[in-house]
Amino acid sequence: MNRRSLIAALPVFVVGLRSARAADVHGAAEAFVAPGIGLAWGILRGVDDDSTRVLLRLDVDATYADVVVVGIDPFTRAAQTLLATGRGAIVVTASRAHFGQFPRTEVRLFRDRDHAAGGEPDLTVYYLGVPDTTPEFEDPAKLDAYLDQRLAALRGTAARRTP
């Protein structure tokens, strides 16, 4: 292969690499839906940041075999696992103070369970802090009802939204 044909083939190679990589999607609002996943955030108020609980409700269907949720400090790259493995209806909780130390939250979705050997997620939905639009509740039952309603509404429109 001569130099000219190598240079001509390079863009095709780079595009191929990009399409083979896992999708990273910035979750900007307090709710997100894509094929196989619906998620919604809510806050249960406490007296301070340590007692205030941030909830992330996930609804993961059979599209994905596993989900992992990790909090990351973007400066030091220190990480704290919030959920090591899961599938189905999941609730992940952390104190509001946690998001000061680990502001990046990654929801990593895997189509198979072989990710323990270092496999890349098929989809990563990431947040930089708790979304500004996240509602706060004082009553756990009202928060639970809100999350149920929000996910049901998202699932009703899932066919029109893609990552």
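The values are calculated or read from the model by the stated rules, or taken from the named source; none is laboratory data. What you see is a predicted model, and the numbers here were worked out from it, not measured in a lab. Heads up, the Cβs are rebuilt from the backbone with ideal geometry, glycines too, and the neighbour counts pull from every protein chain shown.
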Practice problem: Keeping to segment 38-71, report how many residues are over 18 Å from GLU106 (Cβ atoms) and in contact with a helix residue (DSSP H, G or I) (Cβ under 6 Å, 6 or more places away or on another chain). | Solution: 2
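Suppose we filter ARG113, ARG57 for residues that are closer than 18 Å to ALA153 by Cβ and basic (Lys, Arg); which single one remains? Show your work before the answer.
Values: ARG113 fails: closer than 18 Å to ALA153 by Cβ.
After applying the criteria, what remains is ARG57.
Go through the residues of segment 1-14 one by one and say whether even a single one is modelled with pLDDT under 95, closer than 27 Å to ARG150 by Cβ and either surrounded by 13 or more Cβ atoms within 10 Å (Cβ to Cβ) or not aromatic (Phe, Trp, Tyr) (or both).
The first filter runs over segment 1-14 and keeps only residues modelled with pLDDT under 95, leaving 1-14.
Now drop any that are not closer than 27 Å to ARG150 by Cβ, which leaves none.
There is no residue in segment 1-14 that is modelled with pLDDT under 95, closer than 27 Å to ARG150 by Cβ and either surrounded by 13 or more Cβ atoms within 10 Å (Cβ to Cβ) or not aromatic (Phe, Trp, Tyr) (or both).
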Quiz item: Looking at VAL107, is it within 28 Å of LYS142 (Cα to Cα), of a type outside the set (Gly, Ala, Ser), part of a strand (DSSP E or B) and without any contact (Cβ under 8 Å) to a residue 40 or more places away in the chain?
Solution: no
Quiz prompt | Residue selected from segment 30-85 under the condition basic (Lys, Arg) and part of a strand (DSSP E or B), by the criterion farthest from ARG150 (Cα to Cα) | solution = ARG53
Self-check item: Filtered residues of segment 90-112 (kept if surrounded by fewer than 13 Cβ atoms within 10 Å (Cβ to Cβ) and either under 19 Å from ASP24 (Cα atoms) or of a type in the set (A, V, I, L, M) (or both))
Solution: ASP112
Practice problem: Look at THR81 and say whether it is without any contact (Cβ under 8 Å) to a residue 40 or more places away in the chain, surrounded by fewer than 18 Cβ atoms within 10 Å (Cβ to Cβ) and of a type in the set (Val, Ile, Thr). | Solution: yes
Practice problem: Search segment 59-73 for residues that are on the phi > 0 side of the Ramachandran plot and buried (at least 19 other Cβ atoms within 10 Å of the Cβ) and pair each with any residue that is of a type outside the set (A, V, I, L, M, F, W, C) and in a loop (DSSP other than H, G, I, E, B) when their beta-carbon atoms are under 6 Å apart and the residues are at least 6 apart or on different chains. | Solution: none
Quiz item: For LEU39, all conditions in the list (1) within 27 Å of ALA153 (Cα to Cα); (2) exposed (fewer than 13 other Cβ atoms within 10 Å of the Cβ) hold save one; what is the number of the exception?
Solution: (2)
Quiz item: Just wondering, is there one or more residues in segment 132-150 that are surrounded by 14 or more Cβ atoms within 10 Å (Cβ to Cβ), modelled with pLDDT of 95 or more, within 14 Å of the chain's Cα centre (by Cα) and not basic (Lys, Arg)?
Solution: no
Exercise. State all residues of segment 129-157 that are outside any helix (DSSP H, G or I) and either in contact with a Cys (Cβ under 8 Å, 6 or more places away or on another chain) or over 17 Å from GLY36 (Cα atoms) (or both); if no residue qualifies, say none.
Key: GLY129, VAL130, PRO131, ASP132, THR133, THR134, PRO135, GLU136, PHE137, GLU138, ASP139
